[in-house]
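Student: Take this structure first; my questions come after.
Bear in mind that the values in this text are calculations on the coordinates, not laboratory data. Remember, predicted model here, so these are calculated numbers, not experimental data. For neighbour counting, all protein chains shown are included, and Cβ atoms are generated from backbone atoms with ideal geometry for every residue, glycine included.
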Amino acid sequence: MLRLASYNIRKAIGTDRRRRPERVIEVLNELDADIVALQEADRRFGPRNAAIPTHLLEEHSDLKPVVFGARDRSLGWHGNAILVRKEFEIGEHAMLHLPSLEPRGAVLAEVEAKGHQIRVVGMHLDLSGLWRRRQAHAILKHVSERHADMPTAMMGDLNEWTARSGCLRDFGAHHVFADTGRSYHSGNPIARLDRIMVTPNMRIKAAGVHRSANARTASDHLPIWAEVEL
């Protein structure tokens, strides 16, 4: 059993408009996930420093980042990052370039976790429905060119407000969505912008939205989670 999570941390700026990365780490510790996809994990301007300093992760959590090397002080690529338990082995990993009008990307990592191989893709898709679908097709193409039978989980902020159409239809042709629930806005969740989906060779055993007091103030998105069996 693996516990997966996805969390748009809004550059560690909470609903109180204060940047508090230690509060985000508290939420991550509450989640107790084995693998986490983060969105908006880097600051927006300048050298794009990580919103959560890596030394805080090292000192105060059981997680480590997959190092993509895009920027020295970044957690990932275009704000997307993948965190895994410190004892997990990280195999092949890559930054995925996506078609876009504004800077967008996705990240991919193959991880050995609890004796199993799993591929994880983290993403934050466009506000435009047309570009979201193009980005979904690009991600699916990237994944299809790798080991086809490796269990794969895709997670992130899809920015899709519709229930079944748009990019959800594209991803849903090959993946099963976890019924996590509404995660945006954290103060009054009305939309399922954040999603976790897996290939059919994984079983979703449970899923939900993490609604702690810390989570309600740490970001404008609540984190989502899913427990899966390989």
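Student: Using a/c under 1.5 as the rounded threshold, could you call region 75-135 rounded, prolate or oblate? The axes a ≥ b ≥ c are square roots of the C-alpha gyration tensor eigenvalues, and prolate needs a/b larger than b/c, oblate otherwise. Provide the component values of the computation, followed by the final result.
Tutor: Numbers: a/c = 3.15, a/b = 2.50, b/c = 1.26.
Prolate is the answer for region 75-135, as a/c is 1.5 or above and a/b outweighs b/c.
Student: What does the C-alpha gyration tensor say about the overall shape of region 1-88? Classify as rounded when a/c is under 1.5, otherwise prolate if a/b is larger than b/c, or oblate.
Tutor: Judged from the Cα gyration tensor, region 1-88 comes out oblate (a/c at least 1.5, b/c at or above a/b).
Student: Which of rounded, prolate or oblate describes the chain when judged by the alpha-carbon gyration tensor and an a/c cut-off of 1.5?
Tutor: rounded
Student: Using Cβ contacts closer than 10 Å as the measure, can you line up Trp161, Trp225, Trp131, Trp77 from fewest to most?
Tutor: Fewest to most other Cβ atoms nearby, the residues stand as Trp161, Trp131, Trp225, Trp77.
Student: Based on DSSP, what percent of beta bridges with both residues in region 2-229 are antiparallel, to the nearest 5?
Tutor: Among the beta bridges of region 2-229, antiparallel pairing accounts for roughly 80 percent.
Student: Right, next: Taking region 147-230, which trypsin sites (Lys or Arg not before Pro) meet the DSSP loop condition and have no more than 15 other C-beta atoms within 10 Å?
Tutor: Arg164, Arg182, Arg211
Student: Could you pull out every one of the aspartates and glutamates with an alpha carbon less than 18 Å from that of Lys205, ignoring same-chain neighbours closer than 8 positions?
Tutor: Asp32, Asp34, Asp179, Glu227, Glu229
Student: Given the -39500 (n - 2.57) contribution per DSSP H run of 4+ residues, what per-residue ellipticity at 222 nm results for the chain, rounded to the nearest 500 deg cm²/dmol?
Tutor: Taking each H run of at least 4 residues, the total per residue is -5500 deg cm²/dmol.
Student: Using the Karplus equation 6.51 cos²θ - 1.76 cosθ + 1.60 (θ = phi - 60°), what ³J(HN,Hα) coupling, rounded to whole Hz, does each residue of region 151-167 give in order, writing x for Gly and Pro?
Tutor: x, 10, 10, 10, 9, x, 8, 7, 6, 9, 8, 6, 7, 9, 9, x, 5
Student: Using each residue's phi in region 36-42, evaluate 6.51 cos²θ - 1.76 cosθ + 1.60 at θ = phi - 60° and report the 3J(HN,Hα) Karplus result to the nearest Hz, with x for Gly and Pro.
Tutor: Running phi through 6.51 cos²θ - 1.76 cosθ + 1.60 with θ = phi - 60° gives 10, 9, 10, 10, 6, 8, 10 Hz.
Student: Among Arg43, Arg119, Arg18, determine the one that fluctuates most according to a GNM of the chain built with springs between C-alpha atoms less than 10 Å apart.
Tutor: With Cα springs under 10 Å in the chain, the top fluctuation among Arg43, Arg119, Arg18 is at Arg18.
Student: Sorted from fewest to most neighbouring beta carbons within 10 Å, what does the list Ile82, Ile204 look like?
Tutor: The fewest-first ordering by Cβ neighbours comes to Ile204, Ile82.
Student: Further, regarding this structure: Going by how many other beta carbons lie within 10 Å of each one, how would you line up Asp16, Asp62, fewest first?
Tutor: Fewest to most other Cβ atoms nearby, the residues stand as Asp16, Asp62.
Student: A further question on this structure: Hey, what do the phi angles of region 93-109 turn into as Karplus ³J(HN,Hα) couplings, whole Hz, using 6.51/-1.76/1.60 and θ = phi - 60°, x for Gly and Pro?
Tutor: With coefficients 6.51, -1.76 and 1.60, one gets 8, 7, 8, 9, 7, 10, x, 6, 8, 10, x, 9, x, 9, 10, 9, 9 Hz.
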